[in-house]
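Computed from the coordinates by the stated procedures, all read-outs in this text should not be read as laboratory data. This is a predicted model, so every value here is computed, not measured. Quick reminder, even Gly has a Cβ in these numbers, built from the backbone with ideal geometry, and neighbours come from all protein chains shown.
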Amino acid sequence: MRRGCCRCILVWVAVWICCALPGEGKAEHLYSLQEIFARALEGSETVGISVEDLFIARQTRRQAFSVLMPEISAFGSYTRYGLQDNTSSFFAQPDSTTRYGLTAGQQFTLNGKS
């Protein structure tokens, strides 16, 4: 056998022996049902508070990012004129009109609220 392999085996044997021997300072503690229930409540409250904090942080990040996004809106209209409207006027009138457009805007604020 090679020297490195022997050392590796000796280390694993030493670790196994140390884990197998009972520890002298180790005292077993048996928990009662009330103690387990109390620890579970403490843990669940901590987890619940952490979930709420995470939700608030995500909403704050979303709100901060939404201020950077421009507001975009589209509009359009179509008007068709009847035949009686065309014949009664002195000026020439088209049969229909179409109007459409797109607007984009950005709001900036100094106090951090939109």
Difference of contour (0.36 nm per residue) and Cα-Cα distance, Glu45 to Ile72:
5.5 nm
I need the calculated FRET efficiency for the pair Asp53 and Tyr31, taking r as the beta carbon distance and R₀ as 30 Å, to the nearest 0.05.
0.55
Roughly speaking, what is the stretch gain from Ala38 to Tyr81, that is 0.36 nm per residue apart minus the C-alpha to C-alpha distance, in nm to one decimal?
7.7 nm
